[in-house]
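Right, one structure below, let's go through it.
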Amino acid sequence: DGRIFGKRIAADGTLLDGPASADGIAIATAPVANYGAVVGYVGTDYVVAWGVGSYPQYGTAGIYSARVSADGVLDGVPGTLGPSVSGTPPGGAWYVQPRISSRGTEALVTWIKRGSSVDVLGAVVRP
C-alpha cells in the first residue's frame, strides 16, 4: 500500500517493535507512492531514505529521509513525508534507487536520475 514501517531487531534476533504481523514504527505513511526504502546506521540513530511518486507531475516526487532513534522514536511527524533530500525532479526526469552509505553521524543518500540522461546524484544527511 506504499506505507513504510520499520522494526528493530535485537542481537538475539528478537523483534523489538511487535510481532512480524504488526506494522512497527510508522516512518512514511502519507497517502503517496512510497517505494525503495533503505536504512543506514549513523552513530546512535538510523536514517531511512525512500523514493516518492517518481514523476514530477505528482508534486511530491523525489527522495525523502527520516531519522529513527535507537529507541525506535521517529524524528518527525508520522503520516507526513519528512524532509526531501533531492527536491522535485526536473521535467522529463524521475529519481529511482535510493541508497545510503554512512560514516559517523552522517549519511550519504544517493539516487539515480533518469530522463534524457542517466546521472547519479546525492546529498549528505546530518543530524
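The values are calculated or read from the model by the stated rules, or taken from the named source; none is laboratory data. These numbers were taken from a predicted model, which means no experiment stands behind them. Cβ atoms come from the backbone with ideal geometry, glycine included; neighbour counts cover every protein chain shown. Only protein heavy atoms, including side chains, enter the accessible area calculation; ligands, DNA and RNA are left aside. Shrake-Rupley method; radii C 1.70, N 1.55, O 1.52, S 1.80 Å.
Less than 5 angstrom separates the built amide H of THR80 from those of THR29, ALA30, all sequence-distant by 5 or more or on a different chain.
Kirkwood hydrodynamic radius, computed over distinct alpha-carbon pairs, for the chain: how many Å, to one decimal?
Working: mean 1/r = 0.0668 Å⁻¹.
About 15.0 Å for the chain.
Remark: the chain carries 53 Å² of accessible area per residue (probe radius 1.4 Å; ligands, DNA and RNA excluded). Length gained on full extension, THR44 to ARG99: 17.9 nm, using 0.36 nm per residue less the C-alpha separation. What the Cβ-Cβ distance of ILE9 and VAL120 gives, at R0 = 30 Å and to the nearest 0.05, is a FRET efficiency of 0.50.
Net length available on complete extension from ASP17 to ASP71 is 18.5 nm, with 0.36 nm assigned per residue and the Cα-Cα distance removed.
Over the chain, what percent of the accessible surface lies on carbon and sulfur atoms, probe 1.4 Å? Its accessible area is 55 percent carbon and sulfur atoms.
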